[in-house]
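**Q** One structure follows; several queries about it will come next.
Please treat every number below as a calculation from the coordinates, not as lab data. None of these values were measured; they are calculated from a predicted model.
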Amino acid sequence: MRILVVEDDKDLNRQIADALGDAGYVVDRAFDGEEGHFLGDTEPYDAVVLDIGLPQMDGISVVERWRRAGRRLPVLMLTARDRWSDKVAGIDAGADDYVTKPFHIEEALIRRAAGHASSELTCGPLRLDTKSSKADVDGTPLKLTSHEFRLLAYLMHHMGEVVSRTELVEHLYDQGFDRDSNTIEVFVGRLRKKM
């Protein structure tokens, strides 16, 4: 899963990105509203963590522009403000959820975006738990690397859909990844053998 963090506080931006990276997500970062809007408009993100008070363009304007352009990516809006009217403004602009700083990073927005309210995904005998980062086939645990787990989780979140190699690269790796590499094919081959 690929997430965009748009937060002008460099320390908080780094903390969020590190926590999400440690949880197995690919994270891109932006520090102002214009850069965040551009990335969200041109790159395929699974979710965005968006601060409301940004330089260049505020978070509400960013999410309003995305929604007017038909971008449906899930947006978790962050703010230091805790007034009810601020929350309503964020939701009215098109944010999916609203969190007041300080906060705890949760995976719920990602699961909800993919239509999964539970951390557990199943496909026939295959079961994957995104919360514990474990997978098994008929109760037999699979020993997966972090990249194999992320690939399997992405595919299971998109069951019944055709997922291209390009889509996998865009959602599983950061912008600096060599897109001509055969890494995806290698991981798919390993997953097939392990299952």
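**Q** Do the alpha carbons of any pairs in K101/K131; K10/K143; K10/K194 sit beyond 32 Å of each other, and which pairs?
**A** Distance filter (> 32 Å) returns K10/K143; K10/K194.
**Q** For E34 and S181, compute 0.36 nm times the residue count separating them, minus their Cα-Cα distance, and round to one decimal in nm.
**A** Taking 0.36 nm per residue and subtracting the Cα distance, the gain is 49.8 nm.
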